[in-house]
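Working notes, structure below.
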Amino acid sequence: MKTYNTQGIVAELIEHSLGSGYLIEHLPSGKPLLNPDTHDISISHKGEKVFLGITEHGFRIGVDMEKFDKSINVRAFKKHALSKKENALLEDFCRKNNLLPQYGISLFWSVKEAFFKSLGSKIIPNSALISKISENHAELTVNEKIKGLMEENGLGFACIRFKIKRPYIYSVVLLEKAPLQRLLTI
């Protein structure tokens, strides 16, 4: 099995994008930080692939990359990780886009993972639900706890985007540090 120096690759990408002099540090949650603190970053990797998101101050970013996995236990995932509304939305999205349910599940998981990375938090089950999804855009509805966390930090949704590039799905969530935009609650 090959191993890769992900941190070295990320450091090179940051130097290429922002210049030299940046160190990567991590919060206790695992969220990466740049020092000096001039930009927000998020990192996802699978094998030799690295997905890096960088944004200027005023935004928080979360990125996720998932490789489609046909072996996902669809029944278990739908039962334990999705609400009834999300299950219906997943089935409809997969049917309209000619996707296997395993691919749709990878997409839903990736969007949620990117969201929690943007918050600097571990995934909290059933606290952020996909309420709308289209070709490359999703909307989330959050519970009162997550809404409070977002309000506490002055964060609102800026955008939630994804791209399917088989066999991978790439998701990006931007939260804006500004007057709060609409926060839908569960």
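The values are calculated or read from the model by the stated rules, or taken from the named source; none is laboratory data. Just so it is clear, the model here is predicted, and its values are computed rather than measured. Every residue, glycine among them, receives a Cβ derived from its backbone with ideal geometry; neighbour counts consider all protein chains shown.
Could you please let me know if I54 is surrounded by fewer than 21 Cβ atoms within 10 Å (Cβ to Cβ), β-branched (V, I, T) and in the same structural domain as G19 (by TED's automatic domain parsing)?
Judged against the criteria, I54 is a match.
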L23 aliphatic (A, V, I, L, M) and either closer than 25 Å to A158 by Cα or buried (at least 18 other Cβ atoms within 10 Å of the Cβ) (or both): no
Going residue by residue through segment 71-87, is there one that turns out to be under 29 Å from P28 (Cβ atoms), crowded, with 20+ Cβ neighbours inside 10 Å and over 13 Å from the mean Cα position of the chain (by Cα)? yes
From the list E135, E151, E113, E91, which one is at pLDDT below 95 and in a helix (DSSP H, G or I)? E151
Segment 57-80: number of residues that are basic (K, R) and either in contact with a Pro (Cβ under 6 Å, 6 or more places away or on another chain) or closer than 26 Å to C159 by Cα (or both): 3
Among the numbered criteria (1) under 19 Å from the mean Cα position of the chain (by Cα); (2) surrounded by fewer than 17 Cβ atoms within 10 Å (Cβ to Cβ), which one does N97 miss? (1)
How many residues of segment 6-34 are of a type outside the set (V, I, T), under 22 Å from the mean Cα position of the chain (by Cα) and part of a strand (DSSP E or B)? The answer is 5
